[in-house]
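Notes follow the structure.
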Amino acid sequence: MKQAKRGIFPCLLIGLLATVAAPASASYQVVNVAATAGPWMWEAGGLNDSYRYGLGADGSPASPDYTAPSRLKLADIGIGAGDAVFIGYRSGLTSAIGGVPAVDNSGYVGNSYKDDQPGSSGQVLPSFYLPGEWGVAQNPANPASYGVFLQALLGALTDDAGNIVELFSLGTVVDDNGNPTPVSGVAFTVPVGVSYIQFGFNDDIFHDNTGSVSVCVNGDDAQCTAPVPLPAAAWLFGVGIAGLLGYRPRRRFRG
């Protein structure tokens, strides 16, 4: 079990956001996401204060220990408001307990640290802010088998400064006719006010995480297909995916 370490990690500032630069002519971009990355940054009384997670989320003296999310400017690949964007997990493994990376974009499926449940530090996970992805929303009769588990891959659509516009998950285990099915990709229309897409993981203690994953971002799903088949994987499509900001209808496809 991960143990919280309080008060030793400085709060990260918005200027430390890790931006992935894409060539001006690029039509898609593969983004590498370190296991220690949070899906968004927050500061008490400042940036994304309503979306606190991890160490210090309850106002205690501890500071969050995530590293900056991996961040891509959508305009660099020719995508803007009103355009479709396709996002696909490609490869890679991570660990939330140190040692050899062992889980993919779905994280520790079956773990009790998930959805709105606090992590081992007693603080909420980022998934707290995606209620439409929780197990109880996927399958009310059997929520434990579904939802957003520890170390699942998450994302945020933000403005230039990193303020959240919408949230999404790239690691939810969804209900496909009674079968738990991990998501490997999502697609939606980019809302007005979004400049960047960024990625990180569903955790509360990040400093001992290891590994990384790669994600493809593009306006054409043909270029964001996983390089190898992913068993029982699914693509989610819709006109927008959000956390507390309001869910919109979506369609599901198996990969």
So, relative contact order of region 48-139 in percent, Cα under 8 Å, 6 or more apart, is 28
Hey, can you find the accessible area per residue of region 34-148 for me, probe 1.4 Å, expressed in square angstrom?
35
Label points 7 Å out from Cα along the Cβ direction at Asp49 and Ser91: separation in nm?
4.4
Rg over Rh, two decimals, region 141-198 (C-alpha only, Kirkwood Rh)
1.07
Tell me, in nm to one decimal, what length is gained between Asn111 and Ser63 on full extension, where the rule is 0.36 nm per residue of separation less the Cα-Cα distance?
14.8 nm
Test of understanding: extend the Cα→C-beta vector of Asn179 to 7 Å, then name every residue of region 87-111 with backbone N under 20 Å from that spot.
89, 104-107, 109-110
In what sequence, highest mean first, do 182-191, 109-118 appear when ranked by Cβ atoms within 10 angstrom?
182-191, 109-118
Neighbour net charge for Ile164 - beta-carbon separation under 15 angstrom, K R +1, D E -1:
-3
With θ taken as phi - 60° and the coefficients 6.51, -1.76 and 1.60, list the Karplus ³J(HN,Hα) couplings across region 34-45 in order, rounded to whole Hz; mark glycine and proline as x.
5, 5, 8, 6, x, x, 7, 9, 9, 9, 4, x
Would you please give the residues with an amide H less than 5 Å from that of Ala152, counting only those at least 5 places away or on a separate chain, with H modeled from the backbone geometry?
Tyr108, Asn202
Apply the Karplus parameterisation 6.51 cos²θ - 1.76 cosθ + 1.60, with θ equal to phi minus 60°, to every residue of region 64-76 and state each ³J(HN,Hα) to the nearest whole Hz, in sequence, with x for glycine and proline.
x, 10, 6, 9, 4, x, 6, 9, 10, 7, 4, 4, 5
3J(HN,Hα) from dihedral phi, region 91-105, Karplus parametrisation 6.51/-1.76/1.60, rounded to Hz, x for glycine, proline:
6, x, 9, 9, 9, 9, 10, x, x, 6, x, 9, 10, 8, 5
Excluding ligands, DNA and RNA, the carbon-plus-sulfur percentage of the accessible area of region 20-117 with a 1.4 Å probe reads 52
At a 1.4 Å probe radius, which order do Asp203, Asp208 fall into by accessible area, largest first?
Asp208, Asp203
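The values are calculated or read from the model by the stated rules, or taken from the named source; none is laboratory data. A quick note: this is a predicted structure, and the numbers were derived from the prediction, not measured. When we count neighbours, we look across all protein chains shown, and the Cβ atoms used for this are built from the backbone with ideal geometry, even at glycine. When the accessible area is computed, the model is the full protein with side chains, heavy atoms only, and any ligands, DNA or RNA have been set aside. Shrake-Rupley method; radii C 1.70, N 1.55, O 1.52, S 1.80 Å.
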